[in-house]
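Coordinate-derived values only; no laboratory data. Keep in mind the model is a prediction, meaning the values are calculated, not measured. So basically every Cβ, Gly included, is an ideal-geometry build from the backbone, and we count neighbours across all protein chains shown.
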Amino acid sequence: MRDFSLQSYQSLISAFLKEGRSFQTFEEFITHPNQGKTIVMRHDVDELAWNALKMAQLEHSLGVRATYFFRIVKQSNVPEVIRQIVALGHEVGYHYEDLALAEGDMEKAVRSFERNLDYFRQFYAVRSVCMHGSSTSKYDNRLLWNEHSLSEYGLVGEPYLSVDFEKVFYLTDTGYAWDGGKFATRDIVSSPFDLKFHSTHQIVECIESGGFPDKALILAHTLWTDNRFQWLWLHFREFLRNNLKLMAKKNPVVARFYKGLVESYWKK
């Protein structure tokens with residue numbers, strides 16, 4: 001089985017279900033958390049929105065509800081996809097990056113955030129948001145909340161601000177690997193859990209052995225695919241991107257080059 005395929009993703013969800021886990025959307029987890037073993041599946045739809053729909057359809061077929069955070073960029077913001085994901089019973093939230101896009105101008109960022117939040121509320125009564133890492137920007141989008149509060153906008157939670165990761169295990173596939181933390185810029189949390197995985201198969205083995213933490217928030221991006229050509233291309237692209245990100249942290253020339261590539265990609 002190829003990892004980061006829909007087949008592989010199904011094996012992960014099925015292992016949790018077989019163990020008797022309950023699934024909650026992020027909003028549910030914040031407002032009415034289950035007392036037993038609970039999983040929150042979070043999907044940051046950075047791009048490849050149609051892949052997100054396939055993941056949502058798979059989850060729906062298994063009786064699982066998840067949370068999908070959409071960006072405003074056209075690679076993510078596909079109204080037809082958003083509507084279908086909502087119709088499947090999943091939660092939709094806003095994957096905000098307004099401070100980075102506003103180059104640190106707080107006033108401009110707030111106006112942009114309000115406008116974009118209203119836009120996504122056309123499709124779903126959005127009550128949760130999640131920052132986009134904006135790895136090439138010096139501005140952390142979460143700084144928005146130094147001057148404003150989630151409640152001002154009728155929001156109940158933001159994963160990096162509203163979850164106690166001392167008690168909730170955080171697992172992310174950033175870098176197209178479950179152990180890709182070294183490639184992350186802001187997708188990082190402080191946690192006491194001493195668990196590391198490289199493959200989805202290793203996570204499944206941990207679940208089956210009874211060693212997986214009781215409560216977990218799992219971030220799975222939308223790079224999971226059964227299309228062999230897309231799968232090969234994404235592995236190649238992410239390998240190059242991860243290494244460029246590492247070099248960019250040490251070399252300002254590479255950093256400028258990488259930033260230019262990223263900005264060009266999102267503007268196309």
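Length gain on complete extension for the stretch GLN57 to LEU240, per 0.36 nm per residue less the alpha carbon to alpha carbon distance?
Contour length minus the Cα-Cα distance gives 62.9 nm.
Quickly work out the LYS74-to-SER11 label distance, labels modelled 7 Å from Cα along the C-beta direction, and quote it in nm with one decimal.
Result: 3.8 nm between the two label points.
Suppose R0 equals 41 Å; then what is the FRET efficiency for ARG83 and VAL253 from their Cβ-Cβ distance, rounded to the nearest 0.05? Show your work: numbers first, answer last.
Working: r = 44 Å, r/R0 = 1.07.
Step by step, r from the Cβ atoms, then E = 0.40.
Enumerate the whole-percent occupancy of each 10 Å bin, from 0 to the last occupied one, for all C-alpha pair distances of the range 159-268.
Going from the shortest bin to the longest, the percentages are 12, 37, 33, 16, 2.
Take each of the peptides 112-121, 21-30, 92-101, 203-212, average the number of other beta-carbon atoms within 10 Å over its residues, and list them starting from the highest. Mind dumping the intermediate values first?
Numbers: 112-121: 17.1, 21-30: 20.9, 92-101: 24.3, 203-212: 14.6.
Peptide ranking by packing, descending: 92-101, 21-30, 112-121, 203-212.
For the chain, build the charge dipole from Cβ charges (+1 Lys, Arg; -1 Asp, Glu) around the Cα centre, then report which of PHE29, ALA66, GLN202 sits farthest towards its positive end.
GLN202
Across the Cα atoms of the range 30-185, what radius of gyration and what greatest pairwise Cα-Cα distance (Dmax) are found, in Å?
15.4, 44
Using the Cα centre as the reference, give the magnitude of the dipole from point charges on the C-beta atoms of the range 39-159 (Lys, Arg: +1; Asp, Glu: -1; all else neutral), rounded to the nearest 20 debye. Please list the in-between numbers first.
Values: 13 positive and 17 negative charges, 78 e Å.
Taking the Cα centre of the range 39-159 as origin, the dipole is about 380 debye.
Tell me the label-point distance for the pair LYS138, PHE193, using the 7 Å Cα-to-Cβ offset, in nm and rounded to one decimal.
3.5 nm
Can you give the FRET efficiency for GLU205 and TRP145, using 1/(1 + (r/R0)^6), R0 = 45 Å, r = Cβ-Cβ distance, to the nearest 0.05?
On the way: r = 38 Å, r/R0 = 0.85.
With R0 = 45 Å, the Cβ-Cβ based efficiency is 0.75.
On the Cα set of the chain, report Rg and Dmax in Å, please.
17.9, 51
Between their Cα atoms, which of LYS138/LYS196; LYS37/LYS259; LYS196/LYS249; LYS37/LYS267 are more than 31 Å away from each other? Provide the component values of the computation, followed by the final result.
Numbers: LYS138/LYS196 29 Å; LYS37/LYS259 41 Å; LYS196/LYS249 24 Å; LYS37/LYS267 42 Å.
Pairs exceeding the cut-off: LYS37/LYS259; LYS37/LYS267.
Kindly write out, for the range 232-246 in residue order, the coupling ³J(HN,Hα) from the Karplus curve 6.51 cos²θ - 1.76 cosθ + 1.60 (θ = phi - 60°), rounded to whole Hz, with x marking Gly and Pro.
With coefficients 6.51, -1.76 and 1.60, one gets 5, 4, 5, 4, 5, 4, 5, 4, 5, 5, 4, 6, 5, 4, 5 Hz.
For the range 129-268, give the magnitude of the charge dipole about the Cα centre (Cβ charges: +1 Lys/Arg, -1 Asp/Glu; no others), in debye to the nearest 20. Spell out each step's value before the answer.
On the way: 17 positive and 16 negative charges, 202 e Å.
Using Cβ point charges on Lys, Arg, Asp and Glu, the range 129-268 gives about 980 debye.
For GLY93, what residues show an amide H to amide H distance below 5 Å, using hydrogens built from the backbone and excluding near sequence neighbours?
TYR68, PHE69, PHE70
Over the chain, what is the mean sequence separation of C-alpha contacts under 8 Å (at least six apart), divided by residue count, expressed as relative contact order in percent? Please list the in-between numbers first.
On the way: 421 pairs, mean separation 60.6, N = 268.
Here the relative contact order equals 23 percent.
Among VAL168, ASN141, PRO252, which residue has its Cα positioned farthest towards the positive end of the charge dipole of the chain, with +1 placed on the Cβ of Lys and Arg, -1 on the Cβ of Asp and Glu, and the dipole taken about the Cα centre?
The listed residue farthest towards the positive side: PRO252.
Find the eigenvalues of the gyration tensor of the Cα atoms of the range 94-249, then list the square roots of 5 times those eigenvalues as equivalent ellipsoid semi-axes, largest first, in whole angstrom. Can you show the working numbers first?
Working: eigenvalues 167, 85, 51 Å².
Each semi-axis is √(5λ); the values are 29, 21, 16 Å.
Where does the charge balance sit around ARG121 when Lys and Arg score +1, Asp and Glu -1, over other residues with C-beta under 12 Å from its C-beta? Can you show the working numbers first?
Values: positive: ARG115, ARG127; negative: GLU114, ASP118.
Result for the local shell: 0.
How many angstrom lie between the C-alpha centres of the range 37-115 and the range 152-194?
16 Å
For the chain, what is the mean residue ellipticity at 222 nm derived from helices alone (per DSSP H run of n ≥ 4: -39500 (n - 2.57); sum divided by total residues; nearest 500 deg cm²/dmol)?
Working: 10 runs with 112 residues, N = 268.
Roughly -12500 deg cm²/dmol at 222 nm, from the helical runs in the chain.
What does the C-alpha gyration tensor say about the overall shape of the range 167-228? Classify as rounded when a/c is under 1.5, otherwise prolate if a/b is larger than b/c, or oblate. Spell out each step's value before the answer.
On the way: a/c = 1.97, a/b = 1.15, b/c = 1.71.
Taking the square roots of the gyration eigenvalues as a ≥ b ≥ c, the range 167-228 is oblate.
Estimate the FRET efficiency between PHE229 and ASP105 by the formula 1/(1 + (r/R0)^6), using the beta-carbon distance for r and 30 Å for R0, to the nearest 0.05.
On the way: r = 41 Å, r/R0 = 1.37.
That pair, PHE229 with ASP105, gives E of 0.15.
Taking the dipole about the Cα centre of the range 9-165, with the C-beta of Lys and Arg at +1 and of Asp and Glu at -1, give me whichever of LEU117, LEU12, VAL92 is farthest to the positive side.
Among LEU117, LEU12, VAL92, the one farthest towards the positive end of the dipole of the range 9-165 is LEU12.
Can you tell me the Rg and Dmax of the range 126-200, counting just the alpha carbons, in angstroms?
Over the range 126-200's Cα set, Rg and Dmax evaluate to 13.9, 40 Å.
Gain in length, SER162 to GLU114, computed as 0.36 nm per residue apart minus the alpha-carbon separation, to one decimal in nm? Could the numbers behind the result be given before it?
On the way: separation 48, 0.36 × 48 = 17.28 nm, distance 2.00 nm.
Result for the pair: 15.3 nm of gain on full extension.
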